[in-house]
1. Output the qualifying pairs, or none if there are none: Cβ atoms under 6 angstrom, residues six or more apart or on different chains, first residue in the stretch 52-75 and touching a residue at least 12 places away in the same chain (Cβ under 8 Å) and buried (at least 17 other Cβ atoms within 10 Å of the Cβ), second residue β-branched (Val, Ile, Thr) and part of a loop (DSSP other than H, G, I, E, B).
2. Of all the residues that make up the stretch 21-34, how many are part of a helix (DSSP H, G or I) and over 24 Å from the mean Cα position of the chain (by Cα)?
3. State yes or no: is ASP7 in contact (Cβ under 8 Å) with a residue 24 or more places away in the chain, surrounded by fewer than 18 Cβ atoms within 10 Å (Cβ to Cβ) and either touching a Leu at 6+ places or on another chain (Cβ under 9 Å) or among the acidic types (Asp, Glu) (or both)?
4. Inside the stretch 307-352, can you point out the residues that are farther than 15 Å from SER275 by Cβ, in contact with an Asp or Glu (Cβ under 9 Å, 6 or more places away or on another chain) and surrounded by 20 or more Cβ atoms within 10 Å (Cβ to Cβ)?
5. Condition first: farther than 15 Å from ALA280 by Cβ and among the aromatic types (Phe, Trp, Tyr). Can you find one or more residues in the stretch 18-29 that meet it?
6. Search the stretch 156-190 for residues being of a type in the set (Phe, Trp, Tyr) and assigned to a helix (DSSP H, G or I), and hand back the single one that is nearest to LEU202 (Cα to Cα).
7. Within the stretch 244-293, can you find the residues that are part of a strand (DSSP E or B), in contact (Cβ under 8 Å) with a residue 60 or more places away in the chain and polar (S, T, N, Q)?
8. In the stretch 106-127, how many residues are of a type in the set (Asp, Glu) and at pLDDT 95 or above?
Amino acid sequence: MTDPLQDPRFFADPYPTYARLRDAAPVRKVPTGSEGRHSYLVTGYAEAREAFTDARLSKNTTRFFAGRPSRRDLHQAVSQNMLATDPPQHARLRALVTKAFTTGAVTRLRPYIAGLVDELLGAWPEHGPVDLVASLAVPLPVTVICQMLGVPDSDRRLVRTWSSDLFAAGDPARIDAASHAIAGYMTDLVTSTRDSPGESLLDDLIAVRDGQDRLTEDELVSLAVLLLVAGHETTTNFIGNAALALLRHPEALARLRAEPQLLGSALDELLRFDSPVGIATFRYSTEALTLGGTMIPAGVPVLIAPGAANRDPSRFPDPDYLDLTRRPTGHLAFGHGIHRCLGAPLARAEAELALGALISRFPDARLAVSTEQLNWRHTRLMRGLTSLPLTV
């Protein structure tokens, strides 16, 4: 069996593959890569939710790869970030940045985000073609997180390029090079911020490092890289996927135009329907366990697929139908448990303001190409479009 997660058809539409694998078994062994390696893929909802909270599934990749030969050259600021830690280290690191992404903190950011959305959409033509990804879904969250971290305007295009390269499935050399580029950049930014302090989130992290001495220099750079990348990648995909889903379901789009106050509650169904994260980051079994009736031996990679779990009919009836009246409580688009995306409130605010403005300002927007002509990112981790051509 070839790797089902590397088939070009999977990137365009992963849901038939997810359904086929889930129907065979909600947890199953699958080949990954081209060197005879295998992982265990979790596609069932109940099993995914359980796996997210099972302490026997470790995120400590340093421990997993210790002593194993590797041809990779991934910078440790990327390979050993907060996502690749277990308690208690994870709790310590997460606590340092959580306050920046609370609902209250995001509420205070909403006027800035709304103004930025207005500025971006104001640059759209009144008539003609426009790429929603390049002109809204990318620059909005990139600008917000760069503003929070104090990244200069002139550097933001480079940051976006490196970040995108980190998810280049099947191109390890490109990924490794991007990891060193973005880590080197953030190392330099920490130095310049320390020399010329301001009021950014990076300043707050430096104060923790230099004042309370709770962060090592490596942890500081790693957290900065993680926040920079995670702070916009998921939201870019969220906005693009949600816009496409609405354009492909005109009845849902018409309802939101008539009742714009429904958008806030509709975000969860849009997240469930086409999750911006297809397969969560790497875990491995520290001991043998049984999950979904499948025996998983110790010391093997385990991949949890929120994109598959969110289409599990045992949890969400008629899962392939976009129903904005559905209340998909418990969807796993942002993960679950201690590693649940801490930036979820910010992502929701950005998507709500972007989609709301798009619907009201461009009521006649439509796809400029057929859905078969759309290009999707070639990464099994992220589910997102490379472009979304519209006619407005």
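1. These pairs meet every condition: SER58/THR286.
2. Pass one, the stretch 21-34, residues part of a helix (DSSP H, G or I): 21-24.
Those still in the list that are over 24 Å from the mean Cα position of the chain (by Cα) too: 23-24.
Residues that pass the stated criteria total 2.
3. Numbers: in contact (Cβ under 8 Å) with a residue 24 or more places away in the chain: no; surrounded by fewer than 18 Cβ atoms within 10 Å (Cβ to Cβ): yes; either touching a Leu at 6+ places or on another chain (Cβ under 9 Å) or among the acidic types (Asp, Glu) (or both): yes.
Against the criterion (in contact (Cβ under 8 Å) with a residue 24 or more places away in the chain, surrounded by fewer than 18 Cβ atoms within 10 Å (Cβ to Cβ) and either touching a Leu at 6+ places or on another chain (Cβ under 9 Å) or among the acidic types (Asp, Glu) (or both)), ASP7 does not qualify.
4. Within the stretch 307-352, LEU324 is the sole residue that qualifies.
5. Restricting attention to the stretch 18-29, the residues satisfying the condition of being farther than 15 Å from ALA280 by Cβ are 19-26, 28-29.
Right, trim to among the aromatic types (Phe, Trp, Tyr) and you get none.
Checking the stretch 18-29: not a single residue is farther than 15 Å from ALA280 by Cβ and among the aromatic types (Phe, Trp, Tyr).
6. Within the stretch 156-190, the subset of a type in the set (Phe, Trp, Tyr) is 162, 167, 185.
When the remaining residues are screened for being assigned to a helix (DSSP H, G or I), the result is 162, 185.
On the way: TRP162: 19, TYR185: 13 Å.
Going through the qualifying residues, I end up with TYR185.
7. Taking the stretch 244-293 and keeping what is part of a strand (DSSP E or B), we get 277, 283-285, 289-291.
Going one step further and asking which of them are in contact (Cβ under 8 Å) with a residue 60 or more places away in the chain, we end up with 277, 283-285, 289, 291.
The one that is part of a strand (DSSP E or B), in contact (Cβ under 8 Å) with a residue 60 or more places away in the chain and polar (S, T, N, Q): SER285.
8. So in the stretch 106-127, the residues of a type in the set (Asp, Glu) come out as 118-119, 126.
Applying the additional criterion that residues be at pLDDT 95 or above yields 118-119.
Qualifying residue count, the stretch 106-127: 2.
The values are calculated or read from the model by the stated rules, or taken from the named source; none is laboratory data. Keep in mind the model is a prediction, meaning the values are calculated, not measured. Reconstructed Cβ throughout: ideal geometry from the backbone, glycine too, with neighbour counts over all protein chains shown.
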